[in-house]
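The values are calculated or read from the model by the stated rules, or taken from the named source; none is laboratory data. Treat the numbers as computed from the prediction; the structure is a model and nothing was measured. Here the Cβ is made from the backbone with ideal geometry for all residues, glycine too, and neighbour counts use every protein chain on show. Remember, those area values only see protein heavy atoms, side chains included, never the ligands or the DNA or RNA. Shrake-Rupley method; radii C 1.70, N 1.55, O 1.52, S 1.80 Å.
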Amino acid sequence: MMFFFIFIAVTIRNESMADWSAWRGPAQNGTSSDTGLISTWSQDGENLIWKADFIGRSTPIVLNRRVYVIGRVGEEITEQERVACFDAESGGLLWEHRFNVFHSTIPFNRLGWTSLAGDAETGYVYAHTISGIFACFDGDGTIVWSRSLTEEFGRFTGYGGRVVSPVVDEDLVILSFLNTSWGSHAAMRHRYFAFDKRTGEVIWTATPGGRPKDTTYPVAVVAEIGLRRLLIDGNSDGHVYAMDINTGENVWGFLVSQGPLNSSVVVDGTRVYASHNRENTDTTVMGRVVCIDGIGKGDESKSHEVWRVDGIEAGYSSPAFHDGRLYVVDSAANLHCLDGDTGRTHWTHSLGTVGKGSPVVADGKIYVTEVNGHFHILQPGANECTSLDTEQIERNAGRYAEIYGSPAIAYDRIYFATEAGLFCLGKNAHSVAALSGTKPPEALRYGSGGPETDKKTIEAAAVRIVPSELLSTPGETVQFNVHAYGEFGNVLGERIGAWSIEGLNGVIDDDGTLKLEVGDVGAAGTVSVKVGEVSDTARVRVIPELPWHEDFESIEEGKHPPHWVRASGRYRVREMDGNKVLVKPPARRGLHRSNVYIGRPNMSDYTVQVDLMGTKPKRNLPDMGLIANRYTLEMQGNHQRLQVLSWRSDLRMAKSVDFNWGPKVWYTMKMTVELIDDKAVVKGKVWQKDTPEPEGWTITVEDPLPNREGSPGIYGYSPAEIFYDNLRVWEN
C-alpha cells in the first residue's frame, strides 16, 4: 500500500512588508497595509516629497528602498525605451538602461507599456520591453540574463502595444504572450513561459487556450486554492484559466467574454473576480463583472459562477479587493463598489472620462488615476464615496499629462508615474530606511509533498523536462533532467525515465544527456521522457555555425526549414522551373506582413544575401527583403524604393532611395551591418540576378544608436506572392 503525504509548510518571505515589488502590490489585489498616508497634496509642494524627470505609463515597483520604472526617452532618432532606478528617499537617479526599439509597429508614446517585476530574494528586477527583450537586472543595473522573445519564440504584438508584465513566484519568473514559432508552437496562441529567475532557462511552457481573439495584456495572479498553487490569468481567447504553478498544467478554465481579457483577475480565498468590456457570450449586454468559484476542475459551463453583474464595461482597469468589497473602474472612469459575496452595488463614483488605471486601497482611502491627468484620493463609505482630493497634472501648459498606471505604496509613501514625471507623495515625517526591512507575518504555503524519504515512493502525477525549450549547436552536448510532481503539483524531485528523441541528429543517454552530431545543417525536434505512466516533451532547435547556404532543394514541398521561427503557415517550398524555391503567398487570414528569424539573437558581424522575386497578379506589388542585426532592408513594390529601417511604426533611423523594380524578375539582395565605434553602418545593394554584382552599395545608413546583434532573417509583405532562393549568410 502506498501512502501519499501532504503537508502545509510554513514559509517566511524575504520581501519587506513595506515593498511594492509587483504591479498590484504584495497581496496581488491592489491593497496596502501602510498607514499614515496623505489625504491631500499639491503639485506646488504640499505633501509632494519629490518629483523626478521621467516619462512613464505603467506602475512603478518599489524594492529595497529603490523605485524602478520603465518608460520612454529621446526625440526622433534618439527615441528609446528606458528602465530607470531612483532612490526611494530622495528621488535621485541611481542608474538607467536604454533599449532600442526594433521589429515593432508599436508607436513611441506606447513604450513602457508593461510594469516591471521585482524579486525580494535576489534583488533582481525583470523588464519586458516593447521589442520583446526580456531582461533580468540586478539591483545595480547590470543585466544578469536576457532573452529575445521575438527572435527566439516568435512573440507577436500588434500596433496597439498590448504586452504583458512578468510575475515572480518562488524560483520562477513567468511571462505570457501571443506567439507562433515552430513545431508544436506553430499555431498562433496565447502561451505561458516559466523561466528560472536566476538563469533565464525555460522551465515549462503552457498553452491553456484556443485561438486568440486579439492581443492582450492581463497580469497573472498566483494563489493557493484547494491544495494547489495556481497561476490564474485572463486569456486572449476570452477565458480565465488556472494553471499549476510548478508544471503549467491547466487545472480549470472559465469562459468570460467573446473578446480577449485585458483586465487582471483578483483573488480572495477561493473566489476569483474577473471583468471585461467586450461582448458577453450569453447576452447582448456589453461588459461584465463575474465572481468564479476557483476550487476543483471545471469546464466552460456556469457551474463555477457565483454571481455576475452585467453592463459594467471594465476592460482596462483591474479590480482591487479589500475587506469584502470589490472596487472596479469601468472604461468611462466610473468607480463601482461591489459586495464581494453577492455582487450588489454599494455605490458608484465618477472619476472623469477615461478609466484605465487600477485603484489601490490603503489606510482607509482609495488612490486611483484617470487618463486625463487626474490623480484622485477618495474616502469610501458604506453607501457612498467622498472625494478628499483631486489633482490634474499637466505635461505642458494647457495640456494634461496622461496617466495609465496605478499608484505603488511603500514606506508610507505613494509613488506613481505620468507623462509629466515620477511623483513621490507623503508626509515626509520619517525616512524610508526606518520603514524598510520589516517582515510580514508567517504565511502558510503549500509545501513540497512530504519528507524526502516519502517523495521517492510517491507515484508521479506529472513530469517536466528541464530545460523545456533549448537553442543548441551541432556537436554540442546537452544535459536534460526530469522533475516529478505529485497530484497537487507538489515537487517530488528528480526521477529516472526512458528517453527518446525525434527530428534531431544525435543520441540521448539513459541519464538524459543529448549528444548532437557535428554538421552544418539546422534542425528542430523534440526530446521526450516517460516515467511510469506520465511523460513530457522538450523542444530543441539546432543552429549550425556560419556559413549557411539554403537552396531549399532538400526541403519537402509544402514545408520549410524546420528550425526557422515564424515560418510555419506563412512560407512553404514549391517547385518552380525544375528547382525548389521558398514562396510566401498572400495570407488567408490576418496580416500579410511577417518576419522569419533563422539564427541566434546574439549574432553579429555577418552578411546575408538572397535571390528574390515578386509578382503582381492584381494592383499591388509586394514588399520583400532581408534582416540583419535587427535592421530590415526591403524592396518596396508600390513605392518603388529601397528602405532600411529598424522600427517600423516610428522609422527612427529609416532611410529610403528610389529603386525601380518589376514583377516576375529575379533580383539578388545583399545586406551587412558594420559596427564602427559607437554607430552602426547598414549597407544594402540589389541587382538583377545573373548579372555582375555592382561594386558600390545601393543604400547606406548610419545609426548613432546601433543594434549590436540580432538574428538574420527574411521579410515579406505579400498582397502578392513572393519567391526566395539561394539564401546565404556568412561572417564578415
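Descriptive notes on the structure:
- Residues of the range 633-689 satisfying the condition of being among the small types (Gly, Ala, Ser), open to solvent by 30 Å² or more (accessible area, probe 1.4 Å) and out of contact with any Leu (no Cβ under 6 Å at 6 or more places or on another chain): Ser649, Ser656
- Every residue from the range 115-130 that is in contact (Cβ under 8 Å) with a residue 60 or more places away in the chain and either assigned to a loop (DSSP other than H, G, I, E, B) or touching a Lys or Arg at 6+ places or on another chain (Cβ under 7 Å) (or both): Ser115, Asp119, Ala120, Glu121, Thr122, Gly123, Tyr124
- Ser500 of a type in the set (Ser, Thr, Tyr) and either touching a Gly at 6+ places or on another chain (Cβ under 7 Å) or under 26 Å from His549 (Cβ atoms) (or both): no
- Residue count, the range 88-113 (criterion: under 26 Å from Gln28 (Cβ atoms) and either small (Gly, Ala, Ser) or without any contact (Cβ under 8 Å) to a residue 60 or more places away in the chain (or both)): 4
- Within the span defined as the range 134-141, every residue fails to be of a type in the set (A, V, I, L, M, F, W, C) and open to solvent by 20 Å² or more (accessible area, probe 1.4 Å).
- Enumeration of residues in the range 293-313 that are open to solvent by less than 50 Å² (accessible area, probe 1.4 Å) and at pLDDT 95 or above: Trp307, Val309, Gly311, Ile312
- The single condition among (1) farther than 29 Å from Ala460 by Cα; (2) surrounded by fewer than 19 Cβ atoms within 10 Å (Cβ to Cβ) that Ile543 does not meet is (2).
- Any hit, the range 74-95, residues being more than 15 Å from the chain's Cα centre (by Cα), buried (at least 24 other Cβ atoms within 10 Å of the Cβ), of a type outside the set (D, E, K, R) and not in a strand (DSSP E or B): yes
- Residue match in the range 249-271 (condition: under 25 Å from Ser468 (Cα atoms), under 20 Å from the mean Cα position of the chain (by Cα) and assigned to a loop (DSSP other than H, G, I, E, B)): yes
- Selection from the range 506-530 of residues that are of a type in the set (A, V, I, L, M, F, W, C), buried (at least 20 other Cβ atoms within 10 Å of the Cβ) and over 30 Å from Asn726 (Cβ atoms): Leu514, Val527, Val529
Here is a yes/no grid of residues against (1) under 17 Å from Ile409 (Cβ atoms); (2) of a type in the set (Ser, Thr, Tyr); (3) out of contact with any strand residue (DSSP E or B) (no Cβ under 8 Å at 6 or more places or on another chain):
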| residue | (1), (2), (3) |
| --- | --- |
| Gly45 | no, no, yes |
| Gly71 | no, no, no |
| Glu76 | no, no, yes |
| Glu96 | no, no, no |
| Thr114 | no, yes, no |
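- Taken together, the residues in the range 253-278 that are open to solvent by 20 Å² or more (accessible area, probe 1.4 Å) and not aliphatic (A, V, I, L, M) amount to 7.
- The range 363-378, subset open to solvent by less than 20 Å² (accessible area, probe 1.4 Å) and in a loop (DSSP other than H, G, I, E, B), residue nearest to Glu305 (Cα to Cα): Val371
- Within the range 96-129, the set of residues being modelled with pLDDT of 95 or more, under 18 Å from Gly56 (Cα atoms) and of a type in the set (A, V, I, L, M, F, W, C) comprises Phe99, Val101, Leu116, Ala117, Val125, Ala127.
- Residues satisfying the criterion are present in the range 231-241 (criterion: outside any loop (DSSP other than H, G, I, E, B) and of a type in the set (Phe, Trp, Tyr)).
- Within the range 380-412, tally of residues that are in contact (Cβ under 8 Å) with a residue 24 or more places away in the chain and not in a loop (DSSP other than H, G, I, E, B): 12
- Being surrounded by 13 or more Cβ atoms within 10 Å (Cβ to Cβ) and either modelled with pLDDT under 95 or in contact with a helix residue (DSSP H, G or I) (Cβ under 6 Å, 6 or more places away or on another chain) (or both) is a property that Ala460 has.
- On the stretch given as the range 519-562, residues that are farther than 30 Å from Ala484 by Cβ and either among the hydrophobic types (A, V, I, L, M, F, W, C) or touching a Leu at 6+ places or on another chain (Cβ under 9 Å) (or both) total 11.
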